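Asks: One structure is given below, represented as structure tokens, and several questions about it will come after.
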Amino acid sequence: MTATRRRALIAAVAGVAALVGASVRAEPAQVAATPPMGWNSWNHFAAKIDDATVRAQADAMVKSGMRDAGYRYINIDDTWEGTRDASGVIHPNSKFPDMKALADYVHSKGLKLGIYSSPGPKTCAGYEGSFGHEVQDAQTYAAWGIDYLKYDLCSLGTQMIAAGSLDKAQEIQLAAYRKMDAALKATGRPMVYSLCQYGFFQPWRWAPSVDGNSWRTTGDIEDKFQRMLQIGLSQAGLAKFAGPGHWNDPDMLEVGNGGMTAIEYRTHMSLWALLAAPLLAGNDLSTMTPETTAILTNHEIIAVDQDVAGVQGDRVKVEGGLEIWAKPLAGGAKAVGLFNLSDQPAYLEVKFSELGFAGPVRARDLWAAKDLGAMAAYKVEIPAHGVVMLRVG
């Protein structure tokens, strides 16, 4: 499916996607106890992905220090698929001559391998989807050694549109995602199950019922500051639906792809960390600048995202282009993001009593790696499109 057709399908499905789904929660899965961290091929390479490139990204994840910072998954997105044999078994195309050998190589680096498919007959790029072959595909992935499945709505949306009613459309979607969940479980191999269906039918309410470990809450991200903000800020109010084993997913990171400044990329990384979002880098790891590496591997920012309490942050205050977000952390501390989303430098003050603290508390600037001492409030000048990230308490 071309990008134009994909956007058209997304727009069409969005027209019927006002239904509120079931709110049943599954027990937290054994995988994704904290938000998954890794890399995905689509944002930078799109269809230009192959075995050699995946191996190079795995090598770079180790060499750059990303693996040691917590990144684990090397995820192949769309266009790896070949044809099915007479028995219906999927085979990779010529770009991936031996998927098992590739998985073995990635595993040898202390990393995990992820793959992509669709519950529909075709993927977004027009390759073979898993419709009617869910059990076969799950067994194939397990035999290859796959550790993560991104399951992208794509051509299933055509059936949903044709269903004629919201209830029927949601029934089709739920059945499709539930079928693959059962198939993955039957293999006995733990795999992250990542639902990619652009936020249709409020997946935060129903995706846990099909044991989704994460679910896309929005349309696709772009390497543009305003699009990143639109997606990230739209997560306000969704914190209660996230937790260990199941996470709201505002899409992959664009850090290092060149469309934003370093200041804007720090804002991007900070917001995703406060949201307890999956941290899936989407750049070319083999050509990262030291500045990009420093943003992606900042261990204090990553610790906010990976906090074991598993609580998603939320908006505390907004005034024009200035926003304060906070995320409760294990042990009673809070991560606090002070965002200046305007086009000019600005001062922003946070009173810690507004965050539930009584009296002075200790604060630390995470990007500056600087202890600020004990205080009851903090006022700071923030550059345009910038952020100051604090740990308080």
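Residue-wise test of (1) touching a Leu at 6+ places or on another chain (Cβ under 9 Å); (2) assigned to a helix (DSSP H, G or I).
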| residue | (1), (2) |
| --- | --- |
| Ala326 | yes, no |
| Gly331 | no, no |
| Gln344 | no, no |
| Val350 | yes, no |
| Glu354 | no, yes |
| Ala363 | yes, no |
| Ala368 | no, no |
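Asks: Need pairs with beta-carbon distance below 8 Å; first residue among the aliphatic types (A, V, I, L, M) and within the stretch 347-363, second part of a helix (DSSP H, G or I); sequence gap 6+ or separate chains.
Replies: Close Cβ pairs (under 8 Å, with a partner that is part of a helix (DSSP H, G or I)) amount to Val361/Phe352; Ala363/Phe352.
Asks: Could you check the stretch 79-93 and list, in sequence order, the residues that are in a loop (DSSP other than H, G, I, E, B) and either within 21 Å of the chain's Cα centre (by Cα) or within 22 Å of Tyr151 (Cα to Cα) (or both)? First the steps, then the outcome.
Replies: Within the stretch 79-93, the subset in a loop (DSSP other than H, G, I, E, B) is 79-80, 85-89, 93.
Of everything in the stretch 79-93, those that are in a loop (DSSP other than H, G, I, E, B) and either within 21 Å of the chain's Cα centre (by Cα) or within 22 Å of Tyr151 (Cα to Cα) (or both) turn out to be Thr79, Trp80, Asp85, Gly88, Val89, Asn93.
Asks: If you don't mind, another one. How many of the residues making up the stretch 370-390 are in contact with a helix residue (DSSP H, G or I) (Cβ under 7 Å, 6 or more places away or on another chain) and either in the same structural domain as Tyr265 (by TED's automatic domain parsing) or not in a loop (DSSP other than H, G, I, E, B) (or both)?
Replies: Result for the stretch 370-390: 4.
Asks: To continue, here is another question. So is Arg55 more than 12 Å from Phe96 (Cα to Cα) and of a type in the set (Lys, Arg) or not?
Replies: Taking the combined requirement at face value, the residue does not satisfy it.
Asks: For Ala163, indicate whether it is at pLDDT below 95 and not charged (D, E, K, R).
Replies: Criteria met by Ala163.
Asks: Right, here's the next one. Please find, among Ala207, Ala242, Ala262, the residue that is in contact with a Leu (Cβ under 7 Å, 6 or more places away or on another chain) and at pLDDT 95 or above.
Replies: Only one candidate qualifies: Ala207.
Asks: Name the single residue that is nearest to the chain's Cα centre (by Cα) among those in the stretch 312-324 being in a strand (DSSP E or B) and loosely packed, with under 15 Cβ neighbours inside 10 Å. Walk me through how you get there before you give the answer.
Replies: Our first condition is that a residue be in a strand (DSSP E or B); within the stretch 312-324, this holds for 314-319, 322-324.
Those still in the list that are loosely packed, with under 15 Cβ neighbours inside 10 Å too: 318-319.
Values: Val318: 25, Glu319: 28 Å.
The qualifying residue nearest to the chain's Cα centre (by Cα) is Val318.
Asks: Something else now. Ser353 fails exactly one of the following numbered conditions: (1) modelled with pLDDT of 95 or more; (2) small (Gly, Ala, Ser); (3) more than 25 Å from Asn298 (Cα to Cα); (4) loosely packed, with under 11 Cβ neighbours inside 10 Å. What is the number of that condition?
Replies: For Ser353, the exception is condition (4).
For every residue, the table says whether it meets (1) part of a loop (DSSP other than H, G, I, E, B); (2) on the phi < 0 side of the Ramachandran plot; (3) out of contact with any helix residue (DSSP H, G or I) (no Cβ under 6 Å at 6 or more places or on another chain).
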{"position": "Ile49", "(1), (2), (3)": "yes, yes, yes"}
{"position": "Pro97", "(1), (2), (3)": "yes, yes, yes"}
{"position": "Pro119", "(1), (2), (3)": "yes, yes, no"}
{"position": "Gln136", "(1), (2), (3)": "no, yes, yes"}
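The values are calculated or read from the model by the stated rules, or taken from the named source; none is laboratory data. All values derive from a computational prediction rather than experimental measurement. In this analysis, Cβ positions are derived from the backbone assuming ideal geometry, glycine residues included, and neighbour counts consider all displayed protein chains.
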